[in-house]
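The values are calculated or read from the model by the stated rules, or taken from the named source; none is laboratory data. Here the structure is a predicted model, which means the values were calculated and not measured. Every residue, glycine among them, receives a Cβ derived from its backbone with ideal geometry; neighbour counts consider all protein chains shown.
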2 protein chains.
Amino acid sequence: MVSKEMHELGAKRSVIRELFEYGKQQAAVVGKENVYDFSIGNPTIPAPKCVEESIIELIKTVDPVEIHGYTSAQGDFEVRKGLADYMNGTFNCNLGAENFYMTCGAAASLTITLKALTVDSTDEFIIIAPYFPEYQVFIKNAGAKVVVIPADTKSFQIQMNLLEESINSHTKGIIINSPNNPSGVVYSENTLKSLADLLKKKSKEYNKPLYLISDEPYREIVYDGIKVPYVPSYYENTIVCYSYSKSLSLPGERIGYILVPDCVENDQDIYTAICGAGRSLGYVCAPSLFQKVILKCMGKTSDMALYDDNRKLLYDGLSKMGYQCVRPDGAFYLFVKSLEGDSVKFSENAKKYNLLIVPADDFGCPGYVRVSYCVDPEMIKRSFDAFQKLKDLYKTEK
Amino acid sequence: MVSKEMHELGAKRSVIRELFEYGKQQAAVVGKENVYDFSIGNPTIPAPKCVEESIIELIKTVDPVEIHGYTSAQGDFEVRKGLADYMNGTFNCNLGAENFYMTCGAAASLTITLKALTVDSTDEFIIIAPYFPEYQVFIKNAGAKVVVIPADTKSFQIQMNLLEESINSHTKGIIINSPNNPSGVVYSENTLKSLADLLKKKSKEYNKPLYLISDEPYREIVYDGIKVPYVPSYYENTIVCYSYSKSLSLPGERIGYILVPDCVENDQDIYTAICGAGRSLGYVCAPSLFQKVILKCMGKTSDMALYDDNRKLLYDGLSKMGYQCVRPDGAFYLFVKSLEGDSVKFSENAKKYNLLIVPADDFGCPGYVRVSYCVDPEMIKRSFDAFQKLKDLYKTEK
């Protein structure tokens, strides 16, 4: 009597959620301080002070009917104008308010964009492992087909030859996510240039634009002075999906945007279809108070130094023990090679030591685990003993 | 290159929006005080004081990581528990947190519910004119078929004989909206009883549950001591879709819920499919700060006395002039019979006097116009002269 597909989706908890819930149960048994939960990517650094200050200023000084009222479906004009000005100053581009569509976060940005672009069920979107598992769900929701490119486990960049083979006349777009969840890798300039060259060549071959959907919620979470390039300056047919969940530590508030630059082929039609898709999916407007808050906090982020400390602590600690870790340049995940081929079993073994790490099978990259380091640094320190025991377990077994 | 359907939806501004934009242009020409804009259903009464107070208290006293963090997909447990307690106290029912799924407002409640229930494209949902135009969009998004029951223009209740004829083996559910946008009518107890009897009979006949989706954003906006009945107590297979947009004047904040009571057949499966549909459509969780705000404002509303004053002023004024008005018991719309058969032309004529009223054709009820009275009462007073001139125009023409 209900949609089978939706029922399955609702019944199947993600591996991440399963581990998180297990951690809460286990904490009740062995004590919270003895469970090392690296499962969830929930920011643990508070929003910057400007968020609190902006909320209070808006509430105290602006008419509540205006603050809490509907904005236009594409978002408040002043907010979008401020966003364009900020982006122009940061990335030396030439955007206006009309290039932005405010959304309820990255998931909404993606579902709306995919629904706007999908013409029929033969359309294909390519995703590159390791990828955020919900991409599969969102592409299916749009009624299109998912095509997966296996991970490049040497550098965690993109295997261009495999991507090239996968592009065909049905390909509508490619989703990239850099800094990447779960690998923590930032795509290099070389990768973006090769990707752009390939997509241009293939667009010509099939005589149609191939859209690059750049999912960038971790854009500002980068280390060692790395800058995430502005993707549309490498490849014109780029649609940017952004969220403030991570950069401003506001994941529950559901605020983000879609950016369709003028250089995108059929930009006006795409923007119009995005307005239609937002309407169709029931997104009336992005939350109004937080639209105004992000305008006031433009360019600010939470204190990333704390994630950086965690990153170093965890990367150095695990590397020293002999774990093979992908060096994370961004986001707040450490991607670690499983000590056996079956990463699900490896994650199960880790639970013996109350160590909760996520097997990357659902990210399209079996043989690895994701260790979220948006956690208390003291927990990282306490966890090393458990990581050592896990290592020893495999030594013994050999 | 983009979805034709989404493009059309994005390109076609609603009649309401067209009128609203026209009003803004016209205000620049003739002066704001000389334009009588009754087009939009945007609350003009500020949110009650408890909203401001709750926001400030939460921001000042609770850890920002908690306030702005992800809640579980179905909503914060404490919020849902508080909501269940409030509903139990108000409607003498027996609900728990597990019956509620928090959403980004009524549109999200509806898109999620419809997507959860729709099994395939042969499924039909019945809507009853006059209806909120977006119902058509939301049902199509779920991939189901829309069936319209023409308006009962005598009482604006439901033509049960027509509804009975429209139910068949494909019928999945019926959407009702009481207090009604655009008619302002509240379904009587008699209507609900007859509706329940009919649906029970037909469920038996087709040997399957027929789901009643009760869209209730105006539940608290009622006058003369009228109470909106708790629909599940009349018909067990009722799913309630609610929004705080109108009752707390928070339309831009996107906060509402879906209620699936235990008495609904397959309640667990429906709730699970709702979780799946929310995930599929990209709704990660309802905005977290406002989940906590509504918990603190449970049972409060904006000052409805102001809408009531407007209602009387407008209803009495127009009735005295000879307009045929439907007596509004709830919401903030006055439904008025057009002075000619073509209500689009009538609305065009009204524009001659800078009077912006919405033809109800898109609400499935041609021959009527919707006059929103969530406006400044002074504007209502100033508009009477224009309403009189519009009346006189038709006198002259006769």
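For this structure, a couple of remarks:
- Filtering the stretch A:87-114 to residues that are out of contact with any Phe, Trp or Tyr (no Cβ under 9 Å at 6 or more places or on another chain) and more than 22 Å from A:Val228 (Cα to Cα) leaves nothing.
- Any hit, the stretch A:384-392, residues being more than 14 Å from chain B (Cβ to nearest Cβ), more than 30 Å from B:Ser249 (Cα to Cα) and under 24 Å from the mean Cα position of the chain (by Cα): no
- Test: residue in the stretch B:22-30 that is crowded, with 18+ Cβ neighbours inside 10 Å and of a type in the set (A, V, I, L, M, F, W, C): no
- Here B:Phe363 meets the list (1) under 21 Å from B:Val35 (Cα atoms); (2) of a type outside the set (Asp, Glu); (3) under 20 Å from the mean Cα position of the chain (by Cα) almost entirely, failing just condition (1).
- Across the stretch B:197-252, the qualifying residues are those that are over 15 Å from B:Ser109 (Cα atoms), within 14 Å of another protein chain (Cβ to nearest Cβ) and of a type in the set (A, V, I, L, M, F, W, C), and the one among them that is surrounded by the fewest Cβ atoms within 10 Å (Cβ to Cβ) is B:Leu210.
- Among the residues making up the stretch A:272-289, those that are surrounded by fewer than 24 Cβ atoms within 10 Å (Cβ to Cβ) and β-branched (Val, Ile, Thr) are A:Thr272, A:Val284.
- Residues located in the stretch B:1-14, provided they are closer than 23 Å to B:Lys345 by Cα and either more than 10 Å from every other protein chain (Cβ to nearest Cβ) or touching a helix residue (DSSP H, G or I) at 6+ places or on another chain (Cβ under 8 Å) (or both): B:Ala11, B:Arg13, B:Ser14
- Here the stretch B:57-83 is the region considered, the condition is being more than 7 Å from chain A (Cβ to nearest Cβ) and of a type in the set (A, V, I, L, M), and the residue that is surrounded by the fewest Cβ atoms within 10 Å (Cβ to Cβ) is B:Val62.
- Matching residues in the stretch A:254-281 - criterion: being free of Cβ contacts under 8 Å to residues at least 60 places away in the same chain and within 8 Å of chain B (Cβ to nearest Cβ): A:Glu265, A:Asn266, A:Asp269, A:Thr272
- A:Asp152 touching a Lys or Arg at 6+ places or on another chain (Cβ under 6 Å) and in the same structural domain as A:Tyr271 (by TED's automatic domain parsing): no
- A:Ser155 being surrounded by fewer than 21 Cβ atoms within 10 Å (Cβ to Cβ), within 21 Å of A:Gly367 (Cβ to Cβ) and away from chain B (no Cβ under 14 Å): yes
- Matching residues, the stretch B:339-360, being among the basic types (Lys, Arg) and under 27 Å from the mean Cα position of the chain (by Cα): B:Lys345, B:Lys351
- Among residues of the stretch A:50-107, those that are more than 27 Å from B:Thr44 (Cβ to Cβ) and under 26 Å from the mean Cα position of the chain (by Cα), counted: 23
- Residues of the stretch B:294-310 satisfying the condition of being more than 10 Å from chain A (Cβ to nearest Cβ), closer than 13 Å to B:Tyr244 by Cβ and either over 22 Å from the mean Cα position of the chain (by Cα) or not charged (D, E, K, R) (or both): B:Ile294, B:Leu295, B:Lys296, B:Cys297, B:Met298, B:Gly299, B:Thr301
- Residues satisfying the stated conditions in the stretch A:226-245, i.e. assigned to a loop (DSSP other than H, G, I, E, B) and either farther than 25 Å from A:Cys297 by Cβ or among the small types (Gly, Ala, Ser) (or both): A:Tyr234, A:Tyr235, A:Glu236, A:Asn237, A:Ser245
- When the stretch B:370-379 is limited to residues that are farther than 19 Å from B:Tyr218 by Cβ and of a type outside the set (D, E, K, R), the one that is surrounded by the most Cβ atoms within 10 Å (Cβ to Cβ) turns out to be B:Met379.
- Residue in the stretch A:354-374 that is at pLDDT 95 or above, among the polar types (S, T, N, Q) and outside any loop (DSSP other than H, G, I, E, B) present: yes
- Criterion applied to B:Phe91, B:Phe138, B:Phe100, B:Phe132 was being within 22 Å of A:Val284 (Cβ to Cβ), more than 13 Å from chain A (Cβ to nearest Cβ) and either in contact with a helix residue (DSSP H, G or I) (Cβ under 8 Å, 6 or more places away or on another chain) or of a type in the set (D, E, K, R) (or both), and the one residue passing it is B:Phe100.
- Selection status of A:Met6, part of a helix (DSSP H, G or I) and touching a Lys or Arg at 6+ places or on another chain (Cβ under 9 Å): yes
- Checking A:Val293, A:Val336, A:Val284, A:Val326 one by one, the residue that is β-branched (Val, Ile, Thr), without any contact (Cβ under 8 Å) to a residue 60 or more places away in the chain and either closer than 21 Å to A:Arg219 by Cα or in contact with a helix residue (DSSP H, G or I) (Cβ under 7 Å, 6 or more places away or on another chain) (or both) is A:Val336 and no other.
- Taking the stretch B:67-91 as the range and being of a type in the set (Asp, Glu) and either assigned to a loop (DSSP other than H, G, I, E, B) or not assigned by TED's automatic domain parsing to the domain that holds B:Gly282 (or both) as the test, only B:Asp76 passes.
- Some residue of the stretch B:15-25 being in contact (Cβ under 8 Å) with a residue 60 or more places away in the chain and within 14 Å of another protein chain (Cβ to nearest Cβ): yes
- Answer residue from the stretch B:26-56, given it is touching a strand residue (DSSP E or B) at 6+ places or on another chain (Cβ under 9 Å) and assigned to a loop (DSSP other than H, G, I, E, B) and is farthest from the other protein chains (Cβ to nearest Cβ) among those: B:Val35
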